[in-house]
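The values are calculated or read from the model by the stated rules, or taken from the named source; none is laboratory data. Since the structure is predicted, the reported quantities are computational estimates derived from the model, not experimental observations. Quick reminder, even Gly has a Cβ in these numbers, built from the backbone with ideal geometry, and neighbours come from all protein chains shown.
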Ligand code: SF4
């Protein structure tokens, strides 16, 4: 089968999300962060395409403005926030990029390479350079708001795939440096892979591709279970996922009487907690000012633990 890193990654993270995306082909709504990432990549590619001619910074900002789609963002404020990030990223990229001094071999390079006997691995690489002292360098531009750690980089499977693809596409590439360039921070982190790392990656990817191929034939629901993970809050298929039922409850007019009561009860419970959180600092302040640890009222007694500083209530009968 033909498979990309994104598909493999989504399957490993959650088989149900993979099925909804790649097998059922349910179109996901356009998300601001994905649209933004792809637009900034376009701006970077525009500058790389014109290398060795220097594209002025204003020209790149203008390119972003001209391609900006306001309707993707929920409101003006969010759109402006992303625009500010975009301008920072473009400025960082522009300041670090020295046209003509780089040895760009290819940009936006699509690949389809064999993986084992049965599969084809597909993808594309933002940029590949051949450094003057010999090695190739793969550069993947990132628009994330956080930088990865060096440890993440060393374990990053996508970079292992890029290493493998570069060696297949350029057989003279003996040495490959793998870099992530974080545009928001103007910072680049690099890593390398050895033959043993690549062998492990191939075996691992082949095993997953075998499994996907097998279960995709029958498309049995039970073969694609939901697997909750840290990205669930941003999942495009949350409204179809049994794990997220509580987050996507039926609308108020679709609820039965029992459910309505339960919802009111839980909302009341949440509001009460909020109220307690608002009141507690004021009670602590009073205890501190008066140098007391206990307060008596006609409804009950509030005591502050000297150790944990937790407040407890004892009701007066
Ligand atoms: S919400 Fe989480 S568990 Fe559910 S489909 Fe999405 S990724 Fe999977």
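Matching residues to (1) in a loop (DSSP other than H, G, I, E, B); (2) within 16 Å of the ligand (Cβ to nearest atom):
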{"residue": "197", "(1), (2)": "no, no"}
{"residue": "201", "(1), (2)": "no, no"}
{"residue": "205", "(1), (2)": "no, no"}
{"residue": "229", "(1), (2)": "yes, yes"}
{"residue": "243", "(1), (2)": "no, yes"}
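Please verify whether the stretch 81-94 includes one or more residues that are more than 16 Å from the ligand (Cβ to nearest atom) and either touching a strand residue (DSSP E or B) at 6+ places or on another chain (Cβ under 6 Å) or closer than 25 Å to residue 169 by Cβ (or both).
Yes, the stretch 81-94 has at least one match.
For the stretch 34-53, how many residues meet the condition of being without any contact (Cβ under 8 Å) to a residue 40 or more places away in the chain and either within 16 Å of the ligand (Cβ to nearest atom) or not in a helix (DSSP H, G or I) (or both)?
Count: 1.
With a cut-off of at least 3 residues that are more than 22 Å from the chain's Cα centre (by Cα) and surrounded by 14 or more Cβ atoms within 10 Å (Cβ to Cβ), name the strands (runs of 3 or more DSSP E) lying wholly within the stretch 86-174.
Result: 104-115, 119-130.
Within the stretch 1-22, restricting attention to residues that are touching a helix residue (DSSP H, G or I) at 6+ places or on another chain (Cβ under 6 Å) and either farther than 30 Å from residue 70 by Cβ or away from the ligand (no atom under 11 Å from the Cβ) (or both), which residue is modelled with the lowest pLDDT?
Filtering first and then ranking leaves 1.
What are the residue pairs meeting all of these: first residue in the stretch 16-28, first residue on the phi < 0 side of the Ramachandran plot and free of Cβ contacts under 8 Å to residues at least 24 places away in the same chain, second residue more than 9 Å from the ligand (Cβ to nearest atom) and in a helix (DSSP H, G or I), Cβ atoms under 9 Å, and 6 or more apart or on different chains?
The qualifying pairs are 22/7; 22/11; 22/212; 22/216.
Look through 63, 36 and report the one residue that is within 30 Å of residue 16 (Cβ to Cβ), modelled with pLDDT of 90 or more, crowded, with 16+ Cβ neighbours inside 10 Å and touching a helix residue (DSSP H, G or I) at 6+ places or on another chain (Cβ under 6 Å).
Selected residue: 36, the only one of 63, 36 that is within 30 Å of residue 16 (Cβ to Cβ), modelled with pLDDT of 90 or more, crowded, with 16+ Cβ neighbours inside 10 Å and touching a helix residue (DSSP H, G or I) at 6+ places or on another chain (Cβ under 6 Å).
Every residue in the stretch 207-225 that is surrounded by 13 or more Cβ atoms within 10 Å (Cβ to Cβ) and not in a helix (DSSP H, G or I), please.
Scanning the stretch 207-225 gives a single hit, 224.
How many residues does the stretch 160-181 contain that are at pLDDT 95 or above and in contact with a helix residue (DSSP H, G or I) (Cβ under 7 Å, 6 or more places away or on another chain)?
7
Among (1) under 20 Å from residue 107 (Cα atoms); (2) exposed (fewer than 15 other Cβ atoms within 10 Å of the Cβ); (3) within 25 Å of the chain's Cα centre (by Cα), where does residue 45 come up short?
(2)
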